[in-house]
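Colleague: This is the structure, below, for whatever I ask next.
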Amino acid sequence: MKIIYLYQLKYIIVMATFIGDFECKPDAKGRIVLPAAFKKAVGQDNTRFVVRRDLFENCLVLYPYSYWEEELGRLRQKLNPYKREHKQFLRDFFRASAELSLDGNGRFLVPRRLMEQVGVKRDVILVGVDRYIELWSDEAYRAIIDNPAGLAGQAELLLGDSE
């Protein structure tokens, strides 16, 4: 999160925006270097992330910690831990999550169990999706990106005028 000061007394908060996709090769210990564009987006002071399995796709999602806290706020507003279904959802949601930090060289280590759950064997693709980063196995990502007509169809369906 970056704070920009305007006219000495007023300020606005600018959240990180992640864009682009980057091929990454984990080192011998499984650590992944966060691409420079993503490091710049989070800033030097934000080195904590939460990683969790995506709810809809076979990938992992890395949330900068400040955005993760916002997501938790939304969950807490909607869920009641004294309702059985809500409690089960929370258990499943947090079970597929882990906290991680960037080391001094801008590397992070995702727990092996999470990497195995999304089929990562070696290389990964990091994809910037606005306020979070998706982590895909190289094979799974290449299988979903070969549909240029898909984006056009989605844009028309979701953003096109209904009049």
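The values are calculated or read from the model by the stated rules, or taken from the named source; none is laboratory data. Here the structure is a predicted model, which means the values were calculated and not measured. Neighbour counts run over all protein chains shown; Cβ positions are idealised from the backbone, glycine included.
Colleague: All but one of (1) within 14 Å of residue 132 (Cα to Cα); (2) without any contact (Cβ under 8 Å) to a residue 60 or more places away in the chain hold for residue 63; which doesn't?
Modeller: Of everything listed in (1) within 14 Å of residue 132 (Cα to Cα); (2) without any contact (Cβ under 8 Å) to a residue 60 or more places away in the chain, residue 63 misses just condition (2).
Colleague: Something else: I need the full set of residues from segment 7-27 which are more than 25 Å from residue 142 (Cα to Cα) and either at pLDDT 95 or above or in contact with a strand residue (DSSP E or B) (Cβ under 7 Å, 6 or more places away or on another chain) (or both), in order please. Step through it out loud before you land on a result.
Modeller: Initial filter on segment 7-27 (more than 25 Å from residue 142 (Cα to Cα)): 7-16.
Scanning segment 7-27 gives 11, 12, 13, 14, 16.
For every residue, the table says whether it meets (1) at pLDDT 95 or above; (2) out of contact with any strand residue (DSSP E or B) (no Cβ under 6 Å at 6 or more places or on another chain); (3) hydrophobic (A, V, I, L, M, F, W, C).
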site: 29; (1), (2), (3): no, yes, no
site: 41; (1), (2), (3): no, no, yes
site: 59; (1), (2), (3): yes, no, yes
site: 68; (1), (2), (3): yes, no, yes
site: 80; (1), (2), (3): yes, yes, no
site: 86; (1), (2), (3): yes, yes, no
site: 110; (1), (2), (3): yes, no, yes
site: 119; (1), (2), (3): yes, no, no
site: 125; (1), (2), (3): yes, no, yes
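Colleague: Of all residues in segment 29-48, which are in a strand (DSSP E or B) and in contact with a Ser or Thr (Cβ under 7 Å, 6 or more places away or on another chain)?
Modeller: Taking segment 29-48 and keeping what is in a strand (DSSP E or B), we get 32-33, 48.
48 - this is the single residue of segment 29-48 that is in a strand (DSSP E or B) and in contact with a Ser or Thr (Cβ under 7 Å, 6 or more places away or on another chain).
Colleague: If you go through segment 17-76 one residue at a time, how many are polar (S, T, N, Q) and farther than 23 Å from residue 104 by Cβ? Give the steps one after another, and end with the answer.
Modeller: First, pick out the residues of segment 17-76 that are polar (S, T, N, Q): 17, 44, 46-47, 58, 66.
Now drop any that are not farther than 23 Å from residue 104 by Cβ, which leaves 17, 58.
Number of matching residues: 2.
Colleague: Let me ask something else. Between a first residue in segment 129-145 that is buried (at least 16 other Cβ atoms within 10 Å of the Cβ) and a second residue that is of a type in the set (Lys, Arg), which pairs have beta carbons less than 7 Å apart while being 6 or more apart in sequence or on different chains?
Modeller: If the second residue must be of a type in the set (Lys, Arg), the pairs left are 137/121.
Colleague: Restrict the check to segment 26-33 and report whether at least one residue is surrounded by 19 or more Cβ atoms within 10 Å (Cβ to Cβ) and under 12 Å from the mean Cα position of the chain (by Cα).
Modeller: For segment 26-33, residues surrounded by 19 or more Cβ atoms within 10 Å (Cβ to Cβ) and under 12 Å from the mean Cα position of the chain (by Cα): absent.
Colleague: Based on what the data block shows, is residue 112 out of contact with any Gly (no Cβ under 6 Å at 6 or more places or on another chain), surrounded by fewer than 15 Cβ atoms within 10 Å (Cβ to Cβ) and in contact (Cβ under 8 Å) with a residue 60 or more places away in the chain? Give the derivation first.
Modeller: On the way: out of contact with any Gly (no Cβ under 6 Å at 6 or more places or on another chain): yes; surrounded by fewer than 15 Cβ atoms within 10 Å (Cβ to Cβ): yes; in contact (Cβ under 8 Å) with a residue 60 or more places away in the chain: yes.
Yes; evaluated as a whole, the condition is true for this residue.
Colleague: Hey, another quick one. Report yes if some residue within segment 103-123 is small (Gly, Ala, Ser) and out of contact with any helix residue (DSSP H, G or I) (no Cβ under 8 Å at 6 or more places or on another chain); otherwise report no. I'd like the intermediate steps shown before the answer.
Modeller: Residues of segment 103-123 that are small (Gly, Ala, Ser), as a first pass: 104, 106, 119.
Okay, now just the ones that are also out of contact with any helix residue (DSSP H, G or I) (no Cβ under 8 Å at 6 or more places or on another chain), so 104.
Within segment 103-123 (the criterion being small (Gly, Ala, Ser) and out of contact with any helix residue (DSSP H, G or I) (no Cβ under 8 Å at 6 or more places or on another chain)), the answer is yes, since at least one residue qualifies.
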